[in-house]
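The values are calculated or read from the model by the stated rules, or taken from the named source; none is laboratory data. For clarity, every value in this text was computed on a predicted model and none was experimentally measured. Because the Cβ atoms are built from the backbone with ideal geometry, glycine has one as well, and the counts that use them run over all protein chains shown.
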Amino acid sequence: MKVHEFQAKEVLSRYGVTVPDNRVASTPEEAEAAAIELGGGTVVVKAQIHAGGRGKGGGVKVVSNPAEAKAAAEEMLGKPLITHQTGPEGQLVRIVIVEAGMSIASELYAGIVLDRAAEKPAFMASSEGGMEIEVVAENSPEKIIKHWFDTGSGLQPYQARDLAYAIGLEGKQASSAAKFFIQLAKAYVETDASLAEINPLVVTTDGEVMALDAKINFDDNALYRHPDIAEYHDPHEEDPLEVEAQKFDLNYIKLDGNIACMVNGAGLAMATMDLIKYAGGEPANFLDVGGAADVETVSNGFRILMSDENVKVVLINIFGGIVRCDRVALGVVEAMSNVQVDVPVVVRLEGTNAEQASQILNDSDFEFLVAADFKDAAEKAVAALGITPDGEGA
């Protein structure tokens, strides 16, 4: 689960990680009042969306007084912010934070991710703060320093000091950074985070080490242990179809293509999308209905697929291992009886009760494009893009 910057900073501050003083605002007037509370001088107004690149998109403004803070908030609130991570449609800005300005001596980077190969969290630090870490990794990988740590004992003091020295800090600054790193690692472990990124991590002219920006993602499967964090969930920041799919425990991710996929099993779903691409098409989504899909699950999945106006073809690719193909077929027929379907539907069913499933589809009142195998299914789906609802070539 992703959270907003101000929420990430709320979590970090509980663990002693230093963050700038800030206020949340949902109206220009609130932004003005926040700037006054913060001293009436220089503040930074930041749009709050679940995407990076806000500064380049005009979502971060440094202003000199409360009136300018109000004007900056008015420019952002209620309007879509477009960054390289939002896509061309952008993301609507509903809240901003107003943050105390500060004098910055240097910008650094600190981040923690789970290294699945090492089976431990990897703490990364770099002197190249303010840049995307992927760019640093590609152009200057030697500038990213890593230490792996055990979740039981946490980041050790010697590791924290080594990271601080490696990114050019000395004396009091190095000591402050080491403490910062240890607390950040503790927050990461104790909140079941999957990512914690401070970019930039700044050193002020007074020598204080502080998280100027903060991004934390949390493991959805562990949120039951953190009801306070679960409350941070903002459905406005997610695709409406993805939010709807979550209600039925469906693993759905919307994509930009026009061939909808309904598959059981994440691996088969990924392979299906790959084969659609190989056949010259573009998948409209990732949808894994799970290994124990029943009629209701399939019906709900189909309804969500058809809610995407970009969908021109549906490809159902089911391998019946745990799930029975006849259950999937019944779900498809029921869904098509309740949902208006005006696009071709390609079906490939193999495995448990596949023959019964084929009979169910054949006996229904709907016309399906039945595929002989996996490759044939993808090719038929791409070819069907040129077929009108009455079955004739477009």
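Annotations for the structure displayed:
- Selection from segment 87-102 of residues that are crowded, with 20+ Cβ neighbours inside 10 Å and either over 14 Å from ALA35 (Cα atoms) or of a type in the set (D, E, K, R) (or both): GLN91, VAL93, ILE95, GLU99
- Single residue of GLU355, GLU334, GLU367 found to be among the charged types (D, E, K, R), more than 21 Å from ASP288 (Cα to Cα) and part of a helix (DSSP H, G or I): GLU355
- Residue list for segment 231-248, filter: among the aliphatic types (A, V, I, L, M) and out of contact with any strand residue (DSSP E or B) (no Cβ under 6 Å at 6 or more places or on another chain): VAL243
- Being modelled with pLDDT of 95 or more and either of a type in the set (Gly, Ala, Ser) or closer than 26 Å to HIS4 by Cβ (or both) holds for only one residue in ALA137, ALA164, and it is ALA164.
Residue-by-condition table, conditions (1) buried (at least 20 other Cβ atoms within 10 Å of the Cβ); (2) under 30 Å from ARG225 (Cβ atoms); (3) in contact with a helix residue (DSSP H, G or I) (Cβ under 9 Å, 6 or more places away or on another chain):
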site	(1), (2), (3)
ALA8	yes, yes, no
TYR15	no, yes, yes
THR27	no, no, yes
ALA33	no, no, yes
GLU37	no, no, no
GLY40	no, no, yes
VAL43	yes, no, yes
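- Failed criterion for TRP148 (all others in (1) surrounded by fewer than 18 Cβ atoms within 10 Å (Cβ to Cβ); (2) among the hydrophobic types (A, V, I, L, M, F, W, C); (3) touching a helix residue (DSSP H, G or I) at 6+ places or on another chain (Cβ under 7 Å) hold): (3)
- Residues of segment 140-150 classified as of a type in the set (Ser, Thr, Tyr) and modelled with pLDDT of 95 or more, total: 0
- Some residue of segment 118-126 being touching a Lys or Arg at 6+ places or on another chain (Cβ under 6 Å) and buried (at least 21 other Cβ atoms within 10 Å of the Cβ): yes
- Restricted to strands (runs of 3 or more DSSP E) entirely inside segment 1-72, those with at least 3 residues that are outside the structural domain of GLN183 (by TED's automatic domain parsing) and among the hydrophobic types (A, V, I, L, M, F, W, C) are 43-47, 60-63.
Quick grid of which residues meet (1) over 21 Å from LEU163 (Cα atoms); (2) of a type outside the set (Gly, Ala, Ser):
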{"site": "ALA177", "(1), (2)": "no, no"}
{"site": "PHE181", "(1), (2)": "no, yes"}
{"site": "TYR188", "(1), (2)": "no, yes"}
{"site": "GLY207", "(1), (2)": "no, no"}
{"site": "ALA230", "(1), (2)": "yes, no"}
{"site": "ASP234", "(1), (2)": "yes, yes"}
{"site": "GLU238", "(1), (2)": "yes, yes"}
{"site": "GLU242", "(1), (2)": "yes, yes"}
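- Residue-level check: of (1) modelled with pLDDT of 90 or more; (2) under 30 Å from ALA33 (Cα atoms); (3) small (Gly, Ala, Ser), GLY130 misses just (1).
- Check on LYS56, charged (D, E, K, R), over 17 Å from ASP21 (Cβ atoms) and surrounded by fewer than 17 Cβ atoms within 10 Å (Cβ to Cβ): yes
- Complete set of residues in segment 159-203 that are polar (S, T, N, Q), in contact (Cβ under 8 Å) with a residue 24 or more places away in the chain and out of contact with any Phe, Trp or Tyr (no Cβ under 7 Å at 6 or more places or on another chain): GLN173, SER176
- Odd one out for ARG348, checked against (1) touching a strand residue (DSSP E or B) at 6+ places or on another chain (Cβ under 7 Å); (2) at pLDDT below 80; (3) closer than 21 Å to SER299 by Cβ: (2)
- Contacts under 9 angstrom Cβ, first residue in segment 362-386 being on the phi > 0 side of the Ramachandran plot, partner modelled with pLDDT under 85 and not in a helix (DSSP H, G or I), 6 or more apart: none
- Strands (runs of 3 or more DSSP E) wholly inside segment 178-266 containing at least 1 residues that are buried (at least 17 other Cβ atoms within 10 Å of the Cβ) and not assigned by TED's automatic domain parsing to the domain that holds HIS4: 251-254, 259-263
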